[in-house]
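Enquirer: The structure that follows is given in the form of structure tokens.
The values are calculated or read from the model by the stated rules, or taken from the named source; none is laboratory data. Keep in mind that what you see is a predicted model, and the values were worked out from it rather than measured. So basically every Cβ, Gly included, is an ideal-geometry build from the backbone, and we count neighbours across all protein chains shown. What goes into the accessible areas is simple: the full protein's heavy atoms, side chains included, and nothing from ligands, DNA or RNA. Shrake-Rupley method; radii C 1.70, N 1.55, O 1.52, S 1.80 Å.
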Amino acid sequence: MAALYLMDMLVKEGCTLYYSGDLDPEGISMAERLLHRYPGQAKLWKMDIESYYKSISDVELTDERLSKLESITTPELQPVVEEMKKKKRAGYQEALV
């Protein structure tokens, strides 16, 4: 709650928030929630298809985790969502450093 409150206050003051997270169903879901909560003031960073390819791991995603991607509707996230469904692999941001 403290993080959301801080982000609410930053956005209220006109700040733009940049989000980068793991390229797995949970990270994609979080990205979408932030984009919806702060329309126009939340931007994705390293959440694109190129970053997915660079960060792809050997971690195989279960059907249960992959099913979480069905609720993602943000067009900007769709290329990663579709590729993740095909490859059934997670991407982790540590590989991008």
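Enquirer: Looking at ILE72 and the list (1) in contact (Cβ under 8 Å) with a residue 60 or more places away in the chain; (2) touching a helix residue (DSSP H, G or I) at 6+ places or on another chain (Cβ under 6 Å), which single condition is not satisfied?
Expert: So ILE72 meets the others, but not (1).
Enquirer: Which is surrounded by 15 or more Cβ atoms within 10 Å (Cβ to Cβ), over 15 Å from the mean Cα position of the chain (by Cα) and closer than 13 Å to LYS85 by Cβ, of LEU23, LEU61, LEU66?
Expert: Working: LEU23 fails: over 15 Å from the mean Cα position of the chain (by Cα); LEU66 fails: over 15 Å from the mean Cα position of the chain (by Cα).
Being surrounded by 15 or more Cβ atoms within 10 Å (Cβ to Cβ), over 15 Å from the mean Cα position of the chain (by Cα) and closer than 13 Å to LYS85 by Cβ holds for just one of LEU23, LEU61, LEU66, which is LEU61.
Enquirer: Taking segment 69-81 as the region of interest, how many residues are within 22 Å of LEU96 (Cα to Cα) and open to solvent by 20 Å² or more (accessible area, probe 1.4 Å)?
Expert: Within segment 69-81, residues that are within 22 Å of LEU96 (Cα to Cα) and open to solvent by 20 Å² or more (accessible area, probe 1.4 Å) number 3.
Enquirer: Condition check: free of Cβ contacts under 8 Å to residues at least 40 places away in the same chain, under 17 Å from the mean Cα position of the chain (by Cα) and either surrounded by fewer than 16 Cβ atoms within 10 Å (Cβ to Cβ) or assigned to a helix (DSSP H, G or I) (or both). Does LEU34 satisfy that? Walk me through it before giving the result.
Expert: On the way: free of Cβ contacts under 8 Å to residues at least 40 places away in the same chain: yes; under 17 Å from the mean Cα position of the chain (by Cα): yes; either surrounded by fewer than 16 Cβ atoms within 10 Å (Cβ to Cβ) or assigned to a helix (DSSP H, G or I) (or both): yes.
For LEU34, the condition - free of Cβ contacts under 8 Å to residues at least 40 places away in the same chain, under 17 Å from the mean Cα position of the chain (by Cα) and either surrounded by fewer than 16 Cβ atoms within 10 Å (Cβ to Cβ) or assigned to a helix (DSSP H, G or I) (or both) - is met.
Enquirer: Got a number for residues in segment 9-26 being assigned to a loop (DSSP other than H, G, I, E, B) and under 30 Å from SER67 (Cα atoms)? First the steps, then the outcome.
Expert: Taking segment 9-26 as the starting set, the residues that turn out to be assigned to a loop (DSSP other than H, G, I, E, B) are 13-16, 20-22, 24.
If we keep only those that are under 30 Å from SER67 (Cα atoms) as well, we get 20-22, 24.
So the answer is 4.
Per-residue answers, yes or no, for (1) more than 30 Å from GLU13 (Cα to Cα); (2) modelled with pLDDT of 95 or more; (3) small (Gly, Ala, Ser):
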residue	(1), (2), (3)
LYS43	no, yes, no
ASP48	no, yes, no
TYR53	yes, yes, no
THR62	yes, yes, no
PRO75	no, yes, no
LYS86	yes, yes, no
ALA90	yes, yes, yes
VAL97	yes, no, no
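Enquirer: Can you find even one residue in segment 42-53 that is open to solvent by less than 50 Å² (accessible area, probe 1.4 Å), more than 11 Å from the chain's Cα centre (by Cα) and of a type in the set (A, V, I, L, M, F, W, C)?
Expert: Yes.
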